[in-house]
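The values are calculated or read from the model by the stated rules, or taken from the named source; none is laboratory data. Because the structure is predicted, anything quoted here is derived from the model rather than measured. Glycine gets a Cβ as well: all are built from the backbone with ideal geometry, and neighbour counts include every protein chain shown. Accessible surface is based on the protein model in full, side chains and every heavy atom, while ligands, DNA and RNA are left aside. Shrake-Rupley method; radii C 1.70, N 1.55, O 1.52, S 1.80 Å.
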Amino acid sequence: MIQVYGEAMRRFRPDWVELDFVLESFHPDYEVSLQEVERKRGQLEQEVVALGFSLSDLKTTDFRIFPIYQSDDKGRRLTGFQAHHALRLRFPLNPEHLTNTLARLVASQAQPALHLAFTLKDPESLKQMLIGQAIDNARQKAERIAETLGLRLGRVVFVEEVSNPSPSYRTFAQVERHTPIVPEGIPLQIELKIQWEAL
């Protein structure tokens, strides 16, 4: 039995954007804190629609309201409530559209904290292109081992993909209207464990 690992790696240009927004408000009164963060969400929704998106494109990823306490000589006391609403907007990567979107949202009265992620819409289909290269790489290694040992390869008896973390390239964004954004290529890798009969 001869067992080797075959690898193939290639960088792909990102074709998808994920914009994460965080809206926050703090107030001693629970209802006021909630109303303020909802007001900011409404402002953000107006900006998103004005940019040509649908409201259904804007998804909530996290929503919390939690009490804030402060400790002093008299003990621990409630000072108010922090409202936290996280949302995500996903869309195809177009550099000009992205720059205009960021410029408008950075200036929004909702004052969202922004996080920008470049990614791939369908990395699994791209990884399929690498499988053949990984098999060829493994076969070359196995043939060299077999030749060195005076053997030859028989049939493949086992194949397993070695898992790799999900690809993502992320960067924080504070961008003016005419600032160019050039994302780095995203590396995709396939690694296969393959066993051959040795004859």
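The number of residues in segment 16-36 that are outside any strand (DSSP E or B) and of a type in the set (A, V, I, L, M, F, W, C) comes to 2. The set of residues from segment 132-151 being surrounded by fewer than 16 Cβ atoms within 10 Å (Cβ to Cβ) and in contact with a Lys or Arg (Cβ under 6 Å, 6 or more places away or on another chain) is empty. Report whether or not residue 75 is surrounded by 10 or more Cβ atoms within 10 Å (Cβ to Cβ) and modelled with pLDDT under 95. No; evaluated as a whole, the condition is false for this residue. Going by the conditions given, is residue 20 open to solvent by less than 60 Å² (accessible area, probe 1.4 Å), touching a Lys or Arg at 6+ places or on another chain (Cβ under 6 Å) and on the phi < 0 side of the Ramachandran plot? Considered against the rule, which asks whether it is open to solvent by less than 60 Å² (accessible area, probe 1.4 Å), touching a Lys or Arg at 6+ places or on another chain (Cβ under 6 Å) and on the phi < 0 side of the Ramachandran plot, residue 20 comes out as yes.
Within segment 130-150, being within 29 Å of residue 11 (Cβ to Cβ) and among the small types (Gly, Ala, Ser) holds for 132, 134, 138, 142.
Name every residue in segment 23-46 that is open to solvent by less than 40 Å² (accessible area, probe 1.4 Å) and either out of contact with any helix residue (DSSP H, G or I) (no Cβ under 6 Å at 6 or more places or on another chain) or over 20 Å from residue 90 (Cβ atoms) (or both), in order of residue number. Of everything in segment 23-46, those that are open to solvent by less than 40 Å² (accessible area, probe 1.4 Å) and either out of contact with any helix residue (DSSP H, G or I) (no Cβ under 6 Å at 6 or more places or on another chain) or over 20 Å from residue 90 (Cβ atoms) (or both) turn out to be 25, 33, 37, 40, 42, 43, 44.
If you filter segment 167-198 down to residues that are part of a strand (DSSP E or B), at pLDDT 50 or above and among the polar types (S, T, N, Q), you find that the one that is most open to solvent (accessible area, probe 1.4 Å) is 189. Specify the residue that is farthest from residue 29 (Cα to Cα); the eligible residues are those in segment 79-121 that are of a type in the set (Gly, Ala, Ser) and open to solvent by 20 Å² or more (accessible area, probe 1.4 Å). Across segment 79-121, the extreme among qualifying residues is 107. Looking across segment 1-17, the residues that are touching a Lys or Arg at 6+ places or on another chain (Cβ under 8 Å), surrounded by fewer than 18 Cβ atoms within 10 Å (Cβ to Cβ) and of a type outside the set (Asp, Glu) come down to 3, 5, 16.
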